[in-house]
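S.K.: This structure is in structure tokens; I'll ask about it shortly.
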Amino acid sequence: MPPTTLSADPQADARGLGLMRLWRRFMGAREHGDEAASASEALDKRQWQKIDALLHEAATQTDSDSRVRARARQLLDAYLQANAADRLLFMQRLAKGFHVDRAALDQAIAAYQAAPEGPESLRAQAELAQALESPRLRVLRQFNLLPNGIHALVQMRAELLRSAHQDELQPLEQDLLRLFTLWFDAGFLELQRIGWGSPASLLEKVIRYEAVHEIKSWNDLRNRLDSDRRCYAFFHGRMPDEPLIFVEVALVKSLADNVQALLDEAQPTQDPAQATTAIFYSISNAQSGLRGVSMGEFLIKRVVEQLTHEFPKLQKFATLSPVPGFAKWLQGRLEDAQYRQRIPLQVKLLIEEEGQGAQAPLERLRQLLRAPQEAAQPGQQPAGEALGKDDMAALRQWLMAECAHYLLLEKRRQEPLDPVARFHFGNGASLQQINWMGDSSDNGMRQSLGLMVNYLYRLDAIDEQYQAYAREGKLAYSPEVKKLLASKQPQR
């Protein structure tokens with residue numbers, strides 16, 4: 001089980017973290033439907049007949065609240081106690097049956113079209129809306145009557161989204177998403193601060209759900225929850241012990257450009273009352289079953305309001321964000337011979353090798369960028385040669401210009417290709433700065449060749465920039481980024 005208390009002894013914390021990792025693996029197996037984590041036997045024919053009868057009753061009958069709850073409890077227990085194969089069969093039953101009655105829908109459409117304006121039209125409109133609702137939705141809504149019903153449905157959708165049978169389960173997935181969009185509306189969510197004094201079970205979930213920058217130890221977590229740091233999460237009343245989404249914030253005096261420096265445990269704690277800048281450096285969706293439910297933008301806005309009230313000296317709100325799609329995008333470009341011809345000659349000579357055993361250009365890039373980091377570590381021999389000052393400057397200029405192009409000009413329809421950029425531009429932020437070696441971790445090198453960016457939330461410009469993005473796909477960015485973008489244009 002997760003530890004219930006945290007000690008001041010780092011070795012004890014390390015032992016506790018080891019036990020916690022074992023717990024995480026066990027919990028992860030349960031969440032992923034691992035058969036080893038469940039000794040449930042397969043349901044027999046009689047049990048499936050009972051489940052089918054209960055589903056049919058839930059979809060068609062009108063009963064007292066007590067009977068509806070009892071039936072929903074039987075269905076939920078059957079699902080939760082089943083093994084992975086039977087949980088899939090349960091979801092397939094919901095997805096393949098319980099569709100909208102097409103004949104009743106056609107009749108309701110005709111009645112609505114024929115109804116005169118006034119009360120008759122309103123009645124016909126209500127009947128049409130009812131005809132559009134699938135019996136499946138009526139079944140799923142009844143789980144809301146149970147204390148753990150909503151949480152169970154969130155877990156069901158998470159399992160569904162991992163399934164190899166997503167196509168056939170799509171009707172169920174869409175109905176679940178429709179319900180969650182209503183049930184997890186921002187008005188129903190509670191903002192809570194997570195601190196070092198929060199329950200250990202909640203702190204363990206923060207470690208487990210952190211999706212951007214891995215929390216490596218209890219000391220690492222304690223540093224992220226220090227007095228000059230903040231962690232806020234949204235909770236739902238029917239899932240009080242489960243964070244839905246959480247954001248980590250650093251209170252500093254200038255724009256942060258390196259996540260390792262920002263999270264360095266050796267750095268002294270600052271006085272948060274003197275901070276002028278709030279850096280949002282990690283935002284993690286804790287419930288995969290709520291994918292597609294908009295909560296992040298509301299969380300950031302609520303946290304900005306909270307911080308503005310608590311720290312009046314704060315003037316700037318910005319992120320230190322990853323660029324998760326950059327390396328993959330660049331790899332595709334480097335495989336194009338015409339693109340490689342447009343790369344500056346100095347860079348082209350650095351990343352292209354000839355002969356047997358030559359590295360792919362992207363891996364060659366990573367090796368060149370890692371060499372200075374490895375050379376700075378005592379006792380470690382760099383895997384690649386160290387570049388001269390001029391060569392590194394050329395590589396830096398080229399990569400940062402490519403990143404600016406990727407973030408601002410590579411789009412799917414009118415939206416940025418990069419998912420993090422899409423999120424922040426969609427919230428009304430602007431691209432303020434591209435940071436060289438902002439994340440030198442293995443993950444940072446893998447997804448963005450070490451680059452990170454700052455998105456700036458200017459309180460007096462958010463609405464205007466949001467409207468320009470929503471209507472025209474227009475992206476806001478700083479003069480500094482504009483110069484980077486301009487340096488690339490002659491080669492395009």
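S.K.: Taking Rh as the Kirkwood radius, which is the inverse of the mean 1/r over Cα pairs, what is the Rg/Rh value for the range 165-272?
M.R.: Using Cα coordinates only, the ratio equals 1.08.
S.K.: If you don't mind, another one. Could you tell me how many degrees, from 0 to 90 and to the nearest 10, lie between the Cα long axis of helix 65-81 and the main elongation axis, the longest principal axis, of the Cα atoms of the chain?
M.R.: So the inclination is approximately 50 degrees.
S.K.: Excluding residues fewer than 8 places away in the same chain, name every one of the lysines whose C-alpha is closer than 20 Å to that of LYS96.
M.R.: Correct list for LYS96: LYS45, LYS50.
S.K.: Quick check: net charge around GLN267, other residues with Cβ under 14 Å of its Cβ, Lys/Arg +1 and Asp/Glu -1? If you can, show how the numbers build up before the last one.
M.R.: Numbers: positive: ARG222, ARG224, ARG229, LYS253; negative: ASP220, ASP226, ASP228, ASP264, GLU265, ASP271.
Result for the local shell: -2.
S.K.: Would you kindly state the longest site-free stretch of the chain, with sites defined as GluC sites (Glu not before Pro) in a DSSP loop (not H, G, I, E, B) surrounded by at most 16 other Cβ atoms within 10 Å?
M.R.: Longest run free of exposed loop sites: 411-492.
S.K.: Okay, next question. Whole-Hz Karplus ³J(HN,Hα) for the range 311-324, in order, using 6.51 cos²θ - 1.76 cosθ + 1.60 and θ = phi - 60°, x for Gly and Pro?
M.R.: With the stated coefficients, the range 311-324 comes to 10, x, 7, 5, 10, 10, 10, 8, 10, 10, 10, x, 10, x Hz.
S.K.: If a/c stays under 1.5 just call it rounded; otherwise compare a/b with b/c (prolate if a/b is bigger, oblate if not). Do that for the range 326-487, with a ≥ b ≥ c from the square roots of the Cα gyration tensor eigenvalues. Before the final figure, lay out the partial values.
M.R.: Numbers: a/c = 2.39, a/b = 1.78, b/c = 1.34.
The shape class here is prolate.
S.K.: Can you report the principal axis dimensions of the range 391-492 using only the alpha carbons, biggest first, rounded to whole angstrom?
M.R.: Here the Cα extents, ordered largest to smallest, are 41, 32, 26 Å.
S.K.: Could you tell me which of the pairs LYS411/LYS483; LYS328/LYS474; LYS316/LYS348; LYS328/LYS482; LYS253/LYS348; LYS216/LYS482 are separated by over 30 angstrom between their Cα atoms in the structure shown?
M.R.: LYS316/LYS348; LYS253/LYS348; LYS216/LYS482
S.K.: So, one more: Counting each DSSP H run of 4 or more residues in the chain as -39500 (n - 2.57), what helix-only mean residue ellipticity at 222 nm follows after dividing by all residues, to the nearest 500 deg cm²/dmol?
M.R.: Per the formula, -16500 deg cm²/dmol.
S.K.: Using just the C-alpha positions of the chain as equal point scatterers, what log10 of I(q)/I(0) does the Debye formula give at each q in 0.07, 0.10, 0.12 1/Å?
M.R.: -0.50, -0.96, -1.23
S.K.: Rounded to the nearest 0.05, what FRET efficiency do ALA152 and ALA261 have when you use their Cβ-Cβ distance and R0 = 56 Å?
M.R.: 0.85
S.K.: Gain in length, ALA211 to GLU133, computed as 0.36 nm per residue apart minus the alpha-carbon separation, to one decimal in nm?
M.R.: Taking ALA211 through GLU133 to full extension adds about 24.5 nm, to one decimal.
S.K.: Let me ask something else. Over what distance in Å are the Cα centres of the range 111-155 and the range 415-492 separated?
M.R.: 41 Å
S.K.: Same structure again: For ALA360 and LYS411 in the same chain, what is the full-extension length gain: residue separation times 0.36 nm, less their Cα-Cα distance, in nm?
M.R.: Roughly 15.8 nm would be gained on extension.
S.K.: Helix 84-96 against the longest principal axis of the chain: what's the angle in degrees, Cα atoms only, rounded to the nearest 10?
M.R.: For 84-96 against the chain, the angle is about 70 degrees.
S.K.: Now a separate question. How many nm is it between the label spots at ARG123 and ALA200, if each spot is 7 Å from the Cα in line with the beta carbon?
M.R.: Taking the two extended label points, one gets 6.4 nm.
S.K.: Taking the chain as the reference, fit the longest principal axis to its C-alpha atoms, fit the long axis of helix 10-31 to the helix C-alpha atoms, and give the angle between the two in degrees, 0 to 90, nearest 10.
M.R.: Between helix and principal axis, roughly 40 degrees.
S.K.: Apply 1/(1 + (r/R0)^6) to the Cβ-Cβ distance of GLN341 and SER64, taking R0 = 56 Å, and write down the FRET efficiency to the nearest 0.05.
M.R.: Values: r = 75 Å, r/R0 = 1.34.
In this case the efficiency is close to 0.15.
Computed from the coordinates by the stated procedures, all read-outs in this text should not be read as laboratory data. Quick caveat, the model's predicted, so the values are computed rather than measured. Neighbour counts are summed over all protein chains in view; Cβ atoms, including those assigned to glycine, are modelled from backbone coordinates with ideal geometry.
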